[in-house]
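Visitor: Handing you this structure, nothing more for now.
The values are calculated or read from the model by the stated rules, or taken from the named source; none is laboratory data. Values in this document were obtained by computation on a predicted structure and should not be read as measured data. A quick note on method: Cβ atoms are made from the backbone with ideal geometry, for glycine too, and the neighbour counts reach across all protein chains shown. What goes into the accessible areas is simple: the full protein's heavy atoms, side chains included, and nothing from ligands, DNA or RNA. Shrake-Rupley method; radii C 1.70, N 1.55, O 1.52, S 1.80 Å.
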Amino acid sequence: MTTEAPPRTAGTPPPRSFARNTAIFSVLTGLSRIAGLMREVIASSYFGLSPAFSAFTLAFYIPNVVRSLFADSALSAAFVPVFTELLEENRKREAFRLASTLFMVMLIALGAITIVFILAAGVIVPIFTGSQFTAAMDTLAIGLSRVMFPIVLILGLNGLIVGILQAYDHFTIPALSPLVWNVVIMVFLVFGRPFFTDDLYAYAVGILVGTAVQFAMALPTLKTVGFHFEWSFDYRDPRVKRVFVLMLPVTLGLGLINFNVFANSILGGYVSTEAPRAIDAAFRIYMLPQGVFSVAIATVLFPQLSRLAARRDLGGLRDTVDRGLRLIFLMLLPATAATLVLAVPITRLVFQRGAFDSSDTDLVATALFWFSFSLPFSGVNLLLTRTFFSLQRPWLVTYLSVGNLIVNVGVSIIFVALGFGVGGIVAGTAIADVVMAAAQFYVLRGELHTDLNVRETSEMVLGMMISAAWFAVIAYAGWAALDWIFGRSLLGQIISVGGGLALGTVGYI
């Protein structure tokens with residue numbers, strides 16, 4: 001099976017540029033995800049699936065949901081198309097003034113939101129805790145959320161800077177800084193706990209400090225791409241209004257997508273005190289291939305999509321989306337096969353040590369198994385969502401995201417009521433991702449007035465699925481044989497899991 005590269009459209013960066021940027025972003029993001037897993041391994045060895053760790057998980061999700069609503073990804077997605085359009089029209093001075101004004105607006109607005117939340121956390125946080133949460137867990141969640149909430153402000157400003165860098169096709173620092181973020185947190189986890197009466201506060205402070213370091217890393221890079229900050233506050237600039245008009249549906253769309261993860265944690269609070277943390281631990285493993293492949297592809301393609309959309313080059317846009325979709329399926333279908341058949345061995349290798357025991361492994365592996373089904377479809381959603389943003393049609397994503405949230409929460413509630421527990425909650429997410437991907441694909445075909453090469457892409461994906469099934473068979477057989485030979489020591493698990501994945505990869509290729 002071979003894939004022909006789509007013809008280059010005038011003005012489109014050469015394939016080597018795309019390949020180089022994707023490779024850099026993928027490698028650095030992969031290292032970041034690995035560091036993130038190491039962070040989770042260390043934290044799980046200290047806290048297991050304890051009720052206190054579930055309180056921490058909920059406290060961490062609250063600022064992350066707010067961040068997704070008002071900052072970071074939402075701001076970048078609304079800002080990059082407008083900023084790129086100005087650069088394409090050689091209006092650099094106006095582009096810089098727009099970015100500078102938005103920086104000041106976000107500083108004031110997110111600063112105010114942060115102060116309000118810190119003061120009102122005692123009222124807000126208990127709204128989201130489940131029936132299994134005790135008063136002590138509520139108190140801990142309130143305190144931890146107050147420590148971590150300032151990341152909303154920092155990430156909002158960082159999102160704007162990252163958007164500027166992405167518009168210039170600069171991806172190294174945005175991909176490297178999360179790696180440093182994880183390293184800073186691990187330092188606090190390992191060495192900072194003796195300085196706090198509750199060890200989880202060391203984790204929370206580490207997240208806050210790591211986020212500040214992440215922001216500090218991005219600032220000097222602006223000079224390397226030629227950006228100059230202007231101390232201006234031109235709120236009457238029509239382009240500022242345009243960004244916020246775009247940001248409203250982007251905020252709702254991305255916020256609703258990210259709220260699915262938060263909803264899983266809330267529903268988990270009604271299953272058991274361990275469930276929120278178990279779902280989050282499985283999600284961390286799930287995000288490793290997601291971040292290395294689909295996040296990298298969608299992030300690197302976004303500026304290209306924005307440039308093509310600004311030129312109204314719908315043919316180039318279609319070809320770029322086709323290429324991205326095929327790459328996502330090519331990379332994520334074997335990852336899906338791996339987490340399906342090796343959910344328990346992978347979870348055992350990553351987490352089972354210290355306070356994390358075999359029963360915890362079974363619970364997390366159950367969540368990981370069901371997360372597997374959403375892997376390729378979540379990747380497709382990332383790319384198609386950014387395609388709508390590049391076309392400056394974010395309301396379409398908002399409408400579809402409302403449907404996605406309804407399906408996710410509705411199906412999850414039904415499954416929980418039927419007694420499927422953690423697996424039922426995550427299965428709801430997988431079903432919602434499949435529905436969202438199909439809906440986005442159908443609507444985008446209408447927007448581009450093209451079939452997006454459905455037949456050709458479907459034939460390729462079918463071949464990839466057959467190869468992925470072969471991957472699953474070989475990987476499981478290889479793991480079982482090596483597990484029987486080398487046993488369950490740490491080294492033995494590394495050999496058996498790593499060997500099974502390596503053999504499966506060879507079979508897939």
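Quick grid of which residues meet (1) outside any helix (DSSP H, G or I); (2) modelled with pLDDT of 85 or more; (3) of a type in the set (D, E, K, R):
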position: Val416; (1), (2), (3): no, no, no
position: Ala427; (1), (2), (3): no, yes, no
position: Met436; (1), (2), (3): no, yes, no
position: Gln440; (1), (2), (3): no, yes, no
position: Arg445; (1), (2), (3): no, no, yes
position: Asp451; (1), (2), (3): yes, no, yes
position: Ile495; (1), (2), (3): no, yes, no
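Visitor: Please work out if Ala202 is in contact with a Lys or Arg (Cβ under 9 Å, 6 or more places away or on another chain) and crowded, with 16+ Cβ neighbours inside 10 Å.
Guide: On the way: in contact with a Lys or Arg (Cβ under 9 Å, 6 or more places away or on another chain): yes; crowded, with 16+ Cβ neighbours inside 10 Å: yes.
Judged against the criteria, Ala202 is a match.
Visitor: Quick one: Leu333 ticks every box in (1) within 15 Å of Ala430 (Cα to Cα); (2) surrounded by fewer than 19 Cβ atoms within 10 Å (Cβ to Cβ); (3) at pLDDT 90 or above bar one, so which box is it?
Guide: Answer for Leu333: the failing condition is (2).
Visitor: Something else about it: Quick test for you: out of Leu349, Leu418, Leu368, pick the one residue that is free of Cβ contacts under 8 Å to residues at least 24 places away in the same chain and either more than 27 Å from Leu452 (Cβ to Cβ) or charged (D, E, K, R) (or both). Reasoning before the result, please.
Guide: Values: Leu349 fails: free of Cβ contacts under 8 Å to residues at least 24 places away in the same chain; Leu368 fails: free of Cβ contacts under 8 Å to residues at least 24 places away in the same chain.
After ruling out the rest, the residue left standing is Leu418.
Visitor: What pairs can you find where one residue is in segment 82-111 and hydroxyl-bearing (Ser, Thr, Tyr), the other is assigned to a helix (DSSP H, G or I), and their Cβ atoms are less than 8 Å apart, with a gap of 6+ or different chains?
Guide: Going by the 8 Å Cβ cut-off, the qualifying pairs are Thr84/Ala167; Thr84/Pro303; Thr84/Ser306; Thr84/Arg307; Thr84/Ala310; Thr101/Val240.
Visitor: Still on this structure: For segment 372-384, check the following and say yes or no: at least one residue is of a type in the set (Phe, Trp, Tyr), touching a helix residue (DSSP H, G or I) at 6+ places or on another chain (Cβ under 7 Å) and on the phi < 0 side of the Ramachandran plot. Can you show your working first?
Guide: In the first step, residues of segment 372-384 are kept if they are of a type in the set (Phe, Trp, Tyr); the result is 373, 377.
Filter once more, so that each one left must be touching a helix residue (DSSP H, G or I) at 6+ places or on another chain (Cβ under 7 Å): 373, 377.
Filter once more, keeping what is on the phi < 0 side of the Ramachandran plot: 373, 377.
Within segment 372-384, one or more residues are of a type in the set (Phe, Trp, Tyr), touching a helix residue (DSSP H, G or I) at 6+ places or on another chain (Cβ under 7 Å) and on the phi < 0 side of the Ramachandran plot.
Visitor: Show the residue pairs meeting these rules: Cβ distance below 7 Å; 6+ apart or different chains; first residue within segment 459-477 and surrounded by 15 or more Cβ atoms within 10 Å (Cβ to Cβ); second residue not in a helix (DSSP H, G or I).
Guide: Met460/Met1; Met460/Thr3; Ala475/Leu342; Tyr476/Leu342
Visitor: Might you check whether a residue that is surrounded by fewer than 19 Cβ atoms within 10 Å (Cβ to Cβ) and aromatic (Phe, Trp, Tyr) occurs anywhere in segment 395-418?
Guide: So far as segment 395-418 goes, yes, one or more of its residues are surrounded by fewer than 19 Cβ atoms within 10 Å (Cβ to Cβ) and aromatic (Phe, Trp, Tyr).
Visitor: Of the numbered conditions (1) in contact with a Lys or Arg (Cβ under 8 Å, 6 or more places away or on another chain); (2) not in a helix (DSSP H, G or I), Met460 fails exactly one; give the number of that condition.
Guide: Condition not satisfied by Met460: (2).
Visitor: State all residues of segment 148-191 that are in a loop (DSSP other than H, G, I, E, B) and open to solvent by 20 Å² or more (accessible area, probe 1.4 Å); if no residue qualifies, say none.
Guide: Once the filter is applied, which keeps residues that are in a loop (DSSP other than H, G, I, E, B) and open to solvent by 20 Å² or more (accessible area, probe 1.4 Å), segment 148-191 yields Pro150, Tyr168, Asp169, His170.
Visitor: Sort through Gly446, Gly492 and tell me the only one that's touching a Phe, Trp or Tyr at 6+ places or on another chain (Cβ under 6 Å) and more than 20 Å from Thr339 (Cβ to Cβ). Can you show your working first?
Guide: Details: Gly446 fails: touching a Phe, Trp or Tyr at 6+ places or on another chain (Cβ under 6 Å).
Testing whether each residue is touching a Phe, Trp or Tyr at 6+ places or on another chain (Cβ under 6 Å) and more than 20 Å from Thr339 (Cβ to Cβ) leaves just Gly492.
Visitor: If you scan segment 93-119, which residues turn out to be farther than 16 Å from Ile161 by Cα and either open to solvent by less than 40 Å² (accessible area, probe 1.4 Å) or hydroxyl-bearing (Ser, Thr, Tyr) (or both)?
Guide: The answer is Gly111, Thr114, Phe117.
Visitor: Moving to a separate point now. Can you pull out the residues in segment 453-493 that are of a type in the set (Val, Ile, Thr) and either in contact with a helix residue (DSSP H, G or I) (Cβ under 7 Å, 6 or more places away or on another chain) or modelled with pLDDT under 90 (or both)? Spell out how you get there, then give the answer.
Guide: Taking segment 453-493 as the starting set, the residues that turn out to be of a type in the set (Val, Ile, Thr) are 454, 457, 461, 466, 473-474, 485.
Val454, Thr457, Val461, Ile474, listed by residue number.
Visitor: As an exercise: evaluate Asp72 against (1) at pLDDT below 80; (2) over 19 Å from Leu383 (Cα atoms); (3) among the acidic types (Asp, Glu) and give the number of the one condition it does not meet.
Guide: That leaves (2) as the condition not met.
Visitor: Check whether at least one residue in segment 39-46 is farther than 30 Å from Val147 by Cα, modelled with pLDDT of 75 or more, touching a Leu at 6+ places or on another chain (Cβ under 9 Å) and surrounded by fewer than 23 Cβ atoms within 10 Å (Cβ to Cβ), and report yes or no.
Guide: Of segment 39-46, the ones farther than 30 Å from Val147 by Cα are none.
No, segment 39-46 contains no residue that is farther than 30 Å from Val147 by Cα, modelled with pLDDT of 75 or more, touching a Leu at 6+ places or on another chain (Cβ under 9 Å) and surrounded by fewer than 23 Cβ atoms within 10 Å (Cβ to Cβ).
Visitor: Further, regarding this structure: Select from segment 381-394 the residues that are part of a helix (DSSP H, G or I) and open to solvent by 10 Å² or more (accessible area, probe 1.4 Å) and list them in ascending order.
Guide: Restricting attention to segment 381-394, the residues satisfying the condition of being part of a helix (DSSP H, G or I) are 381-390, 394.
Once the filter is applied, which keeps residues that are part of a helix (DSSP H, G or I) and open to solvent by 10 Å² or more (accessible area, probe 1.4 Å), segment 381-394 yields Asn381, Leu382, Arg386.
Visitor: Within segment 77-92, does at least one residue satisfy the condition of being touching a Lys or Arg at 6+ places or on another chain (Cβ under 7 Å), modelled with pLDDT under 85, open to solvent by 20 Å² or more (accessible area, probe 1.4 Å) and closer than 30 Å to Arg311 by Cβ?
Guide: The answer is yes; a qualifying residue exists.
Visitor: List every residue pair whose Cβ atoms sit under 8 Å apart, with the two residues 6 or more apart in sequence or on different chains, where the first one lies in segment 201-214 and is in contact (Cβ under 8 Å) with a residue 40 or more places away in the chain and part of a helix (DSSP H, G or I) and the second, anywhere, is crowded, with 19+ Cβ neighbours inside 10 Å and hydroxyl-bearing (Ser, Thr, Tyr).
Guide: Gln214/Ser177
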